[in-house]
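These notes concern the structure reproduced below.
The values are calculated or read from the model by the stated rules, or taken from the named source; none is laboratory data. Treat the numbers as computed from the prediction; the structure is a model and nothing was measured. FYI the Cβ positions are ideal-geometry reconstructions off the backbone, even for glycines, and counts take in every protein chain you see. Quick note on the areas: whole protein, heavy atoms, side chains included, nothing else; ligands and nucleic acids left out. Shrake-Rupley method; radii C 1.70, N 1.55, O 1.52, S 1.80 Å.
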Amino acid sequence: MAESMVEGKQSLVDTVLSKAQDQQLKTTNVENEELIELDEGNLLAVNENKTDTKDFKKKKETILLSLTRDATQALFNSLWKLPVEQKDGAYLITLPESKTWMPREKPVPKKKAPTKWEEYAKTKGILNKKKSRMVWDEPSQQYKPRWGYQRANDDTKDWVIEVPDNADPYEDQFEKRKTAKKERVAKNELQRLRNVARSQKKKVPGIGLAPTEKPSKDHLSKALAVAHKSTASIGKFTDRLPKEKPSKFTGKKRKFEPSIGNLGSEKEKQLKVLDSVSKKIPTINVTKAANRMLRQDEEKRAQDKQSRKTPKKVKGRKASLGLGKPGRQGGGNKKTRGKRKR
Amino acid sequence: MQRIVKPKTQRGRRALDKKDPKIFENSKNALMFKGGNTSQTVTQVLKDWHTLKKPNATLFSKKNATKPFEDQSSVEFFASKSDSSLFMFGSHSKKRPHNIVIGRLFDGQVLDMVEFGVTNFTSLQDFKTLKSATGIKPCLAVSGDFFEESDDNRRIKNLLIDFFRGPTVEKISLSGLEHVISITGANGKIYLRSYRILMKKSGSKVPRVELEAMGPAADLVLRRTRLASDDLFKRALKKPVTAKPKKKKNISRDDLGNKLGRIHMNTQAFDKLQVRKVKGLKRKKAEKEVNGTDDEAKKQKKEESTDA
C-alpha cells in the first residue's frame, strides 16, 4: 500500500514537473525557415511568400504579428550563431557586412592632387621625417610645442632684441619681426590657394606684380610697363626716355564686338531689352510669396495666443529693473531667444 | 579635403569634416518636414518617426510651401543644410489626402522619391505599452510578394529598408535587440508595424521571440513614384576600392590545422656571422701557410691572446 502511494505521488510529481517544463520552454523553431532570406548586417529578414488574401482580410493584425514573429525568430537563430565577445558585462556580436546593396549618401572621395612641394619631394626622394611635438625651450626651462600656441623659441615674444650693427637705429625691431611673421603667413596662404586652384584646374587671375624687397630686372621692366600704361590720360602717354625701348609686356588683349555687321544679333539684343522693359507683369517668386504668407499667418496666431494670456506678475530683481511681460512683444522661437530686438 | 576658406577653429573644422564624403560613411540622417497644408494624421506620422529615428533625424516644425514632385531644389537645400540624405515630407490636400513622400538623396540630389497615402494610422501614444529604448538599431522584417512584382517595387523595398534601418554599427549587444519594424506588402497595400521584442526562455541558447505591438502602425497606399535611372543608381552604389577587406598574405594553415607564416629575409653572409668560437674548429698552422699573410697575422694575434 505504501509502495503504491509512493508510486502515485511520483507520477503526480512527474506530471506536474513536465507541465511546468512545457510552459517554460517554448520552441525556437520556425516553419519554412529556409524560405526566409537573412541579411544579418542590416538585421533584415525577408519573407517573399504570398499571404492568403481571404484570411488576411479577417485577421490582419494576427497574421502580421505571426509573420513578423517568424521572421524575427529566424533572424535571431542566425544571429546567435555569430561570434560573441563580452565587454563590460554585455554580450556583443560582430555583424557581418550587409548583403543588400545600398546606395551611398555621398560619392567616393577623390584623391587629392599632389601639391607643388609634394611633386618636388617625390622627384628628389625627400621623405617626411616625423618630428616630435614638444621641444625643449631653454629660456623657460620646460618642454613647449614646436609650433602653435605658446611655442618654444618664439622670436616675436622676445622682450629684448639686440639692434644689429648695420641696421637703422630708429627702426622698430619688434615691429620688424611681427611684420616678417605676417609676411610668412600671407605667403603660406597664397601658396595654399595656388595649390587648391591647380588641383581644381581653375583659371586664377594672375597676381600681377607682388611687392618685393629686392625686385629682379624682369620685375622692374614689368613694373615700368604697367606704370607707363596706367599713368596715361585720354590717350596721352608719358614720353619715353631717348634710349628706352618699347616694352615686351603688352598685357592682355581685350575683345570688343564689332560696331558694324551682324545686324541679326544686334536686333535680338535690342528686342530683349525692350521686352523686359515693356512687361507690365512684375516677376513674382510664387513659392517665396506663399512661404511669406504662411509665416505671417503663424506669427499672427502666435501673437494672438500671447495676448490672450494674462500677463505674469513680475517679482524681485526683474521688477526693480522694470522688466515685465507686457512690455515684450510676443512671438518667437529658438532663433530669436536671447537676441536683442532691434 | 582642399577648402578655399580654412576653418578658423578646431570645432569648425571638425563640423566640416563630418559632412565630407568619406570612404566609410556616417549613418544616414533623416529630415522630416511639412508642406503648405498638413493634417493631424500627417504631422503625427512625422513626429512619431522623428522620435523613433532620434538622434539621426531632424524635424522641421514650420510649414514650407513646396511640392517635392514638382521642384526638388527646396528639398535638396534643406537636406544639405541639415546634412541629411533621407527625407520624409508630409502634406494634405483634397486630391492627395494624408500624403507622405519618403525619399533619399545622393550627392545632394534627389535619388528616389515615393509617395504614399496614409490610411488607418495609430500613433505611438495610442499604444499604451512600454516602448523600446531610443537610438537602437531595429530589426527589419519584410514580408509579402508585393515587393517582387516589378523592378520598381524592388526599388521601393530598397528605399524602405534604407529609411527604416537604423545607424550602421559593426557590433551590437544581444540584449539591445528590442525593436522590430515589419513592412508587409500585400493586397496592393504596404502595412507598416512596429513591435517590441520580448525574449522568453527556450530550450536552447537562442531565446524564444515574443512580440508586443508598440510603435506607430500605418497602412500605406502607393501613389506616385520618382525613381532614379539605372545608371544613376549604379553610380550611387559604387563602392570604393579601399573599402574591400584586405587579404592577409603569407599566412596559411597546414592540413593538421597549424597556422604557418612565411618570413622573407634579406640575404645574409653566412661566413661573416658572429658565432661562438669553438677551439676545435680553428684552422691549424699548416693550413695557415697555404692561405695568406694577412690571415696569418690576424690568426697569430688571436692565438696569442687566447694562449695568454
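Averaged over the residues of peptide B:227-239, the number of Cβ atoms from other protein chains lying within 10 Å of each residue's Cβ is 2.
Take the accessible area of A alone and of B alone, subtract that of the pair with a 1.4 Å probe, and the total buried over both chains is about 6700 Å². Using the Karplus relation 6.51 cos²θ - 1.76 cosθ + 1.60 with θ = phi - 60°, the per-residue 3J(HN,Hα) values for the range A:155-167 come to 6, 6, 9, 5, 8, 9, 10, 6, 7, x, 4, 8, 8 Hz, with x marking Gly and Pro. Taking all protein chains into account, the per residue accessible area for the range A:144-209 stands at 88 Å² (1.4 Å probe).
Considering only DSSP beta bridges with both partners in the protein assembly as shown, what is the antiparallel share in %, to the nearest 5? Beta bridges within the protein assembly as shown, antiparallel portion: roughly 75 percent.
Over chain B, Cα pairs under 8 Å with separation of 6+ residues give a relative contact order of 14 percent. Once you order the gyration tensor axes a ≥ b ≥ c over the Cα atoms, which shape class does the protein assembly as shown get: rounded for a/c under 1.5, otherwise prolate or oblate by comparing a/b with b/c? Note, shape of the protein assembly as shown comes out oblate.
Computed from the C-beta positions of A:Q270 and A:Q306 and an R0 of 45 Å, the FRET efficiency is 0.20 to the nearest 0.05.
Only helices reaching 24 angstrom along their own axis (Cα) with mean Kyte-Doolittle hydropathy no lower than 0.5 count here, and not one DSSP H run of chain B does.
Just give the residues from the range A:66-83 buried by at least 20 square angstrom of accessible area in the all-chains context relative to the isolated chain, probe 1.4 Å, and say none if nothing qualifies. SASA drop of 20 Å² or more in the range A:66-83: A:L67, A:T68, A:R69, A:T72, A:Q73, A:F76, A:W80.
Amide H to amide H, which residues 5 or more places from B:S93 or on other chains are under 5 Å from it, using H placed in the peptide plane? Long-range HN contacts for B:S93: B:H98, B:N99.
Entry comment: accessible area of the range A:254-302 is 104 Å² per residue, from protein heavy atoms only and a probe of 1.4 Å. Computed over the range A:28-98, relative contact order equals 38 percent, with contacts defined as Cα pairs under 8 Å that lie 6+ residues apart. Straight-line reach from A:K272: taking Cα to Cα under 21 Å and skipping same-chain neighbours fewer than 8 places apart, the lysines in range are A:K280. Each residue, A:K255 and B:R283, gets one label point 7 Å from its Cα in the Cβ direction; the gap between the two is 8.5 nm. Among the protein heavy atoms, those of A:E257 account for about 140 Å² of accessible surface (1.4 Å probe, every chain in place). Heavy-atom accessible area with a 1.4 Å probe sorts A:E40, B:E170, A:E266, largest first, into B:E170, A:E266, A:E40.
Average accessible surface for the range B:1-136: 52 Å² per residue, computed with a 1.4 Å probe over protein heavy atoms with every protein chain in place.
Peptides A:56-67, B:246-257 ranked from most to least packed by the mean count of surrounding Cβ atoms within 10 Å: A:56-67, B:246-257. Counting only protein heavy atoms and a 1.4 Å probe, tell me what percentage of chain B's accessible area is made up of carbon and sulfur. Carbon-and-sulfur percentage of accessible area, whole number: 51. Averaged over the residues of A:133-146, the number of partner chain Cβ atoms lying within 10 Å of the residue Cβ comes to 0.
The length gained on full extension between A:R194 and A:D154, counted as 0.36 nm times the residue separation minus their Cα-Cα distance, comes to 11.6 nm. For the peptide A:95-103, the mean number of other protein chain Cβ atoms found within 10 angstrom of a residue's Cβ is 6. Ordered from largest to smallest accessible area (heavy atoms of protein chains, 1.4 Å probe), the residues A:T51, B:T168, A:T283 come out as A:T283, B:T168, A:T51.
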